[in-house]
1. So for each of 200-211, 158-169 I average, over its residues, the number of other beta carbons within 10 Å; can you give me the resulting order with the highest mean first?
2. Which whole-Hz couplings ³J(HN,Hα) result when phi for each residue of the stretch 222-228 is put into the Karplus expression 6.51 cos²θ - 1.76 cosθ + 1.60, θ = phi - 60°, listed in order with x for Gly and Pro?
3. Compute the distance from the alpha-carbon center of the stretch 127-193 to that of the stretch 251-267, in whole Å.
4. In the stretch 66-275, how does Rg compare with the Kirkwood Rh, expressed as the Rg/Rh ratio over alpha carbon atoms?
5. From the phi angles alone, apply the Karplus equation (6.51, -1.76, 1.60; θ = phi - 60°) to the stretch 229-244 and give each ³J(HN,Hα) in whole Hz, x where the residue is Gly or Pro.
6. When all alpha-carbon pairs of the stretch 149-193 are counted, what percent fall beyond 18 Å?
7. Let me know the charge dipole size of the stretch 66-275 about its Cα centre in debye, to the nearest 20, where only the beta-carbon of Lys, Arg (+1) and Asp, Glu (-1) is charged.
8. Could you grab the relative contact order for the stretch 74-229? Cα pairs under 8 Å, six or more apart, rounded to a whole percent.
Amino acid sequence: MTIDPIWWLVASAALLLVAWLVLGASWKVLRLSAWWAVAAVLALTGLSSLQPGRSAEEDSEAPAGLDVVIVVDRTTSMGAEDYDGNRPRMEGVAADLAALVSDLGPARFAVITSDNVATVAVPWTTDARAVVSLASTLGWREESFGNGSDIADAAPLAQELLTASASARPEARRLFLYLGDGEQTSPDPPGSFASIQDQLSAAIVLGYGTEEGGQMRQSPDSEDLVTRNGAVQLSHLDEENLRTIAEQVGGVYEHRSAPGGFSSSLPAPAPAVLGDSGGGASLAWVPAAVALVPVCLATIDAARRYRSARKEARQ
């Protein structure tokens, strides 16, 4: 249990309580029930002002010592049907993320999705279910809204997340995961993830698709295929680009063609660290909530007496 008083509120509650005790003893017109209601409110307010709380050691568990930044390519090409036979590549991403989250154990996760622009889809969280849920419902960018993308569009956001992690939890390990097909559809040369390498403990790049390529549905909800001038378009895995990303972040590359175990070694479970999440939980709301009870009772009693007084005045 911890105590962190708000001193001005403590002093105010004490003065009001003393004043009420003095006045309550001299004003005979005061009803005993009202006196006790106000006294209870003042006492509970004073208790709340002490800000009781649980220390970090009393909380269930300190946050895990592993922070994982995940980048998911959700461009239209991730709907290409050349994963595990003729399944969309994004199904492989969903299956692998569920397996990775399970294998990694307790950790903090943040997910960036990248299509026309990069977006933080899941901010830092220890809720692994949020990552799995996102992956299973993410789908891919509808073809009609695509305008060309850079495989490294997510690099600035990844750096922001990792910098925040290093600042808040310097003792935590940091893992970077990239899941995509490496296809660069922007006319410009690919960007780079090299700037984040120094902030990482490990990195894994997972690639999806085949060199032969696969046809793409325009969206997860459509059976229409992506075409150009009436010809069905194919998306091809670009392993060279994916290996380049792995080199930039000092990690390893692994091609994923079907669900199953990973050949890449995952980081060992990391010991818990407190960082900025070890402040404990405040319990000040408990006496504050209880204080509402006598307030409500006194209000009801006052309203009842007011109605009674008006009725007597009319008679």
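1. On the way: 200-211: 21.3, 158-169: 17.8.
Result, highest mean first: 200-211, 158-169.
2. Here the 3J(HN,Hα) series is 10, 9, 6, 8, 6, 10, 9 Hz.
3. Cα centres, the stretch 127-193 to the stretch 251-267: 18 Å.
4. Checking Rg against Rh, the ratio lands at 0.96.
5. 6, x, 9, 5, 8, 10, 10, 10, 4, 10, 5, 4, 5, 5, 5, 5
6. The calculated P(r) of the stretch 149-193 puts 39 percent of pairs beyond 18 Å.
7. Dipole of the stretch 66-275, to the nearest 20 debye: 740 debye.
8. Here the relative contact order equals 30 percent.
None of the figures in this text is laboratory data; all of them are computed from the coordinates on show. Bear in mind that the values here come from a model prediction, so they are computed numbers and not experimental data. No Cβ is skipped: glycine too gets one built from the backbone with ideal geometry, and neighbour counts run over all protein chains shown.
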